[in-house]
Amino acid sequence: MTRRRRTARFARLLGIVAALVLLLAGCSAGSAAPEPMAPPARPVTTEEAQLLAVVRFNNFDTGTRPFSTSITEKGTELELQGWIDYAGHLGYAEVTGSFTPQALLWNGATVGVHDSAPDAHGNPALPIKDASSTDWVSHPLDGSTSRLDSLLIVLGGLGSDRPENPLLLQQAGALWLRADTVDGVPVTVFASPPSDNPPGAGDPAITADTSPLRLWVDAAGLLRRAEIRLGAQWQTVDFTDTPGPSLSVAGGGG
Amino acid sequence: MLTTMLRRWIAGCTAACMTAVVLIGCGSDGDQAETGPEASAAAGTAAPVRVPEDVTTLGEAADRVAPGGTILIGAGHYAEQLLIDTPDVTVRGVDRNDTVIDGGGIRPYGVVAVADGVRVENITVTGATFYGVLFTGLHDENGPSAPTADGYQRWDPQQFPPLQRFRVDHVTAFNNGLYGIYAFNSQHGVITDSYASGSADSGFYVGQCRDCDVLVTGNVAERNAVGFENANASDSVVVAGNRFAGNRVGLTLLSSYQEAFLPQHANQVVGNLISGNDEADSPAQADGGFGTGIGIGGGQSNTVERNRISGNARAGVILTNTEDIPATDNRFRDNVLDDNAVDMANQSAERTPATGNCATGVATTLPTTLLAELSAACDSADGQPQASTAAAEGPDAPPGKSFKQVTPPIDQPNLAAADPAAASQPLPGIVAMPDLTTLTVPAADLLQANSGTR
């Protein structure tokens, strides 16, 4: 694959993402105290694996997913709200906090920001500013130095143009964690497999805390919430099932 | 017990349903090993199991049908997977276009056969996330299996001998997640007069068999990432008189390390239309392929004759290697190649050069020196070296569509009413192959009446 093609895409292999996040987590991956009386995590059933196997494809099939999250980046609280276009391989969010609001745009390789007020709904202004504009301040995505970059990489990896293999998800250690609701919608909470491959004979047992990625999935296989562990902290990202705009950027491909 | 576990895997039975499966499954398990074609034929004289008249679900029909029996499925949408583990069963839709098994974008399979001698006829399968129709000799307590692009647990063909005798006739498989109609680790089968579109891997797939004795004929594949794909299916595979037009890639013959029985070899590809494989209304090909008629990746000693290979925007034929397995001794004779960006290109890696590939009737090659090398190989029994290579440049591949959003096909012809006497006969142990010498280069409108979108 050429460099140009690679930079035009989101990081697409969950295993890469998982490894990255585990790297950040180091040895300090905290495990929150389990809620009293919570049923124990267990391997997914066949039907649950089938549901989990279409989650990333459904993001691609849907196209654009509205999302929101908050994150502390180098001591600064950031609120993000916007969209991820899984078919177009672009994410675009308004970033607010104790600073001038910014529009943030990223693909699989690069992130850029410029000062920009949100629209009436808190989303970033459309159309996206031309990529050749000198207003953009951009840098290569680097999950090893930035919590925000790590989060953006993981979010971009939640789309795939084809379903996953449910058998492989089972073998690789996907777990059922619990039943829950998001905005009143019943969901199943899964721990994504910690790697793309089944664990080896000598590997430690996979527990609810092994994977750095948890997915809240409704009965149709639509992702409603994700939790991503960065260091010892879990970041919550909420998705809505409302339509979002197709994202495109002129003047250089974002 | 295997039967029971398979059913649980595929159907997600309730407890009450499981009781019935255990009762039936245990009995038929023992029978299967002993059931020969004669016994099946006798049982096949029983009345068909009708859905929804006799039973309301496909799972119940599969439980009830006896060896050699028929499941006759009425018009309707069936949100189920149908697993056939009883030998010599015929699954037939009352109306090919109105009898629809729908995976709903969540269930991995439409129809799965893991028993010998199964026919699937006159039915539409759509919305499966993996396979529309699957025949496989590989299955265990986790269910039926076959390799996938994103991983593969190696299976021992000794432990799982190939499924025997199968037939797919007048089946429509559209908008399934990876494959439309798929025969894996299976021998002595026919896929005929069927249709596949909107598959993110391939419309038709035959994989992992030796002495396969498989005939693929009269089919249409369009708007797939790949129309027809063969991985490690060798010897007696005959691909004749099909229309593989308007996909991203028309046809591939591949050696694959993900499957047993390397290398792929000795297929006969005769009298097919392989054209216009640069269709944007299709899912992306996993490696970004677009505009290729025939791709041979480590395929060897295949015969490609009297096909019409035209209008492919990158190349009519591309030769390449699979890792350390070269493309060797393939013979292209009497094909009509026209209007391709280039007729043939050799993209083999330097360390795994193609040898002995012969072609006549080729006008343009990449590199240009390939033309003489292809001709020389036709005059020599030796593996003529073909070390010169060049990449075929085609148009940029357009973004891939979601398999669920590829435009559906037009209605397809129904299978003529079955002759009851013929239908109750078990499938033959050896496929009756057509006389390939009678096949001529097809017209550019081969099977065009079955092509197109709603």
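Please treat every number below as a calculation from the coordinates, not as lab data. Everything numeric here is computed off the predicted structure, so don't read it as measured data. Cβ sites come from the backbone with ideal geometry, for glycine too, and all protein chains shown count toward neighbours.
Annotations for the structure displayed:
- Per-pair calculated FRET efficiency, R0 = 25 Å: residue B:286 and residue A:197 via Cβ, rounded to 0.05: 0.85
- When the helices of chain B are scored as -39500 (n - 2.57) per DSSP H run of n ≥ 4 and the total is divided over every residue, the value at 222 nm lands at -3500 deg cm²/dmol.
- Relative contact order of chain B, pairs being alpha-carbon contacts under 8 Å that are 6 or more residues apart, as %: 11
- Distance histogram in 20 Å bins (all Cα pairs of chain B, percent per bin): 27, 56, 16, 1
- Computed FRET value (nearest 0.05) for residue A:138 with residue B:448, which takes r as the C-beta separation and R₀ as 56 Å: 0.65
- Rounded to whole Hz, the Karplus (6.51, -1.76, 1.60) HN-Hα couplings of the stretch B:238-254, x for glycine and proline: 10, 10, 9, x, 9, 10, 10, 10, x, 10, 7, 9, x, 8, 10, 10, 10
- If you take all other residues with their beta carbon under 14 Å from the beta carbon of residue A:100, and give Lys and Arg +1 and Asp and Glu -1, the sum is -4.
- Karplus-derived HN-Hα couplings along the stretch B:123-135 (A = 6.51, B = -1.76, C = 1.60, θ = phi - 60°), whole Hz, x at Gly and Pro: 8, 10, 10, 8, x, 6, 7, 10, 10, x, 10, 10, 10
- Amide H contacts of residue B:252: B:228, B:229, B:230, B:295, each under 5 Å away and 5 or more positions distant or on a separate chain (H built 1.01 Å from N in the peptide plane; Pro and chain starts excluded).
- Beta bridge orientation in chain B: antiparallel %, DSSP, nearest 5: 5
- Net charge of Cβ neighbours under 10 Å - reference residue B:224; Lys, Arg +1; Asp, Glu -1: -2
- In Hz, Karplus ³J(HN,Hα) per residue of the stretch B:273-282 (6.51, -1.76, 1.60; θ = phi - 60°; x = Gly, Pro): 9, 10, 9, x, 8, 8, 8, 7, 7, 6
- As a rough footprinting exposure proxy, the listed residues A:216, A:136 were ranked by other beta carbons within 10 Å of their own, and the order from fewest upward is A:136, A:216.
- As a rough guide to protection, the peptides B:119-129, B:385-395 ranked by mean Cβ packing within 10 Å, highest first, stand as B:119-129, B:385-395.
- Highest-first packing order for the peptide set B:191-202, B:421-432, A:162-173, B:329-340 is B:191-202, A:162-173, B:329-340, B:421-432, based on the mean count of other beta carbon atoms within 10 Å.
- Rg of the Cα atoms in the protein assembly as shown, relative to 2.2 N^0.38 Å, amounts to 1.00.
- Highest mean first, the peptides B:256-263, B:206-213, B:362-369, A:60-67 sorted by other C-beta atoms within 10 Å per residue fall in the order B:206-213, A:60-67, B:256-263, B:362-369.
- At q = 0.10, 0.18 Å⁻¹, base-10 log of I(q)/I(0) for the stretch A:33-160 (Debye sum, equal scatterers on each alpha carbon): -0.40, -1.01
- Burial ordering of A:96, B:438, B:70, fewest other beta-carbon atoms within 10 Å first: B:438, A:96, B:70
- Dmax and Rg, reported as Rg then Dmax, of the stretch B:277-429 (C-alpha, Å): 19.2, 58
- Peptide A:154-166 has a mean of 5 when you count, residue by residue, the C-beta atoms of other protein chains within 10 Å of its C-beta.
- Sequence-distant lysines (8 or more away, or on other chains) whose Cα lies within less than 29 Å of residue A:129: A:74, B:401
- Cα centroid of the stretch A:90-132 to Cα centroid of the stretch B:396-454, whole Å: 50
- Length-normalised contact order of the stretch A:101-159 in % [C-alpha pairs under 8 Å, at least 6 apart]: 31
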